[in-house]
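Below: one structure in structure tokens.
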């Protein structure tokens with residue numbers, strides 16, 4: 001009988017190091033090494049040097065309570081911690097005009113491309129947040145006949161978002177959905 005197990009990836013790759021990113025993530029934190037760079041200068045000084053005119057700059061907020069989570073929006077954390085003890089701005093993610101032009105293969109940036117760059121930066125932060133929270137998965141697929149297959153490094157907090165289904169035969173979708181629902185009980189099994 002065919003089976004699918006979905007397990008937490010115990011050794012996930014840091015998406016800030018493993019992948020090419022449009023943005024440069026600078027973070028200032030006393031206890032954690034976060035993002036791409038941990039500048040010594042103040043954030044305003046760093047931004048003057050590394051975010052030239054025309055850059056897309058988004059703030060990075062960190063919530064630190066029984067684990068850490070990151071977002072480009074403080075609103076997500078205000079609802080969880082209205083006193084403001086456990087969250088605050090920890091840095092910025094920057095897409096420079098040069099990086100955007102190279103990424104979009106253009107000499108002149110349009111408003112639409114800058115909006116797209118902002119969306120890309122938000123997705124980069126979501127992926128990094130999933131990494132920080134341990135929402136990185138792998139699967140083990142055992143078909144009725146043939147070789148066992150496994151693959152790791154799927155980031156996401158829903159089965160659809162992880163992309164795991166794209167790597168399984170269509171006949172294994174229901175097994176994968178069930179495995180996703182039972183992923184925590186399957187850990188280590």
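We did not get these values from a lab; they are worked out from the coordinates using the rules stated. Here the structure is a predicted model, which means the values were calculated and not measured. Cβ coordinates were reconstructed from backbone atoms using ideal geometry, including for glycine residues, and neighbour counts include every protein chain displayed.
If a residue must be within 13 Å of residue 56 (Cα to Cα) and assigned to a helix (DSSP H, G or I), how many such residues does the stretch 103-119 contain?
Number satisfying all stated conditions: 9.
Can you name every residue in the stretch 10-27 that is in a loop (DSSP other than H, G, I, E, B) and surrounded by 19 or more Cβ atoms within 10 Å (Cβ to Cβ)?
Of everything in the stretch 10-27, those that are in a loop (DSSP other than H, G, I, E, B) and surrounded by 19 or more Cβ atoms within 10 Å (Cβ to Cβ) turn out to be 12, 21, 22, 23.
For the stretch 157-181, give me each residue that is out of contact with any strand residue (DSSP E or B) (no Cβ under 7 Å at 6 or more places or on another chain) and either surrounded by 13 or more Cβ atoms within 10 Å (Cβ to Cβ) or in contact (Cβ under 8 Å) with a residue 24 or more places away in the chain (or both).
Across the stretch 157-181, the qualifying residues are 157, 159, 161, 165, 169, 171, 173, 177, 178.
Would you kindly identify the helices (runs of 4 or more DSSP H) lying entirely within the stretch 122-186 that contain at least 2 residues that are more than 30 Å from residue 56 (Cα to Cα) and over 13 Å from the mean Cα position of the chain (by Cα)?
In the stretch 122-186, 173-181, 183-186 are the helices (runs of 4 or more DSSP H) which contain 2 or more residues that are more than 30 Å from residue 56 (Cα to Cα) and over 13 Å from the mean Cα position of the chain (by Cα).
From the set of residues in the stretch 41-60 that are touching a helix residue (DSSP H, G or I) at 6+ places or on another chain (Cβ under 6 Å) and in a strand (DSSP E or B), which is nearest to residue 28 (Cα to Cα)?
My answer is 58.
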